[in-house]
Amino acid sequence: MRFIITMNMPSYGGSAIHQVMCDYPAKNLAEFCAALERNDFLIVDELYKNTKGGYGADPYYSVGYTAINHLHVGKIKELGHMTTANRGVRHGESD
């Protein structure tokens, strides 16, 4: 499953927010969080946004594996084409 992780640390270049988009073999957010609780580090397949892909192209591409330390995670959301986070719909609201 794909996730977007907001890290509790600044990004390279001085931005206040550091986010990592990734693939991890979890069925849902709860399973991903349980894996974080069991391990000091998780190895995830880091993704970058595909800004050059045409219609129907995968919106993300892999840049290789990255180790994420759970102590530096601020928040996590599921990342996908049709998630409410990607459509701008807040929790409890409908389209």
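Computed from the coordinates by the stated procedures, all read-outs in this text should not be read as laboratory data. Bear in mind the structure is a predicted one, so any value in this text is a computation, not a measurement. Every residue, glycine as well, gets a Cβ built from its backbone with ideal geometry; the counts of neighbours run over all protein chains shown.
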*Looking only at region 37-60, and only at residues there that are surrounded by 13 or more Cβ atoms within 10 Å (Cβ to Cβ) and closer than 17 Å to Leu79 by Cα, the one that is farthest from the chain's Cα centre (by Cα)*: Pro59
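On the basis of being within 14 Å of Phe3 (Cα to Cα) and not in a loop (DSSP other than H, G, I, E, B), does Glu37 make the cut? Give the derivation first.
Details: within 14 Å of Phe3 (Cα to Cα): no; not in a loop (DSSP other than H, G, I, E, B): yes.
Criteria not met by Glu37.
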*Residue that is nearest to Phe3 (Cα to Cα), among those in region 45-71 that are without any contact (Cβ under 8 Å) to a residue 40 or more places away in the chain and of a type in the set (Val, Ile, Thr)*: Val63
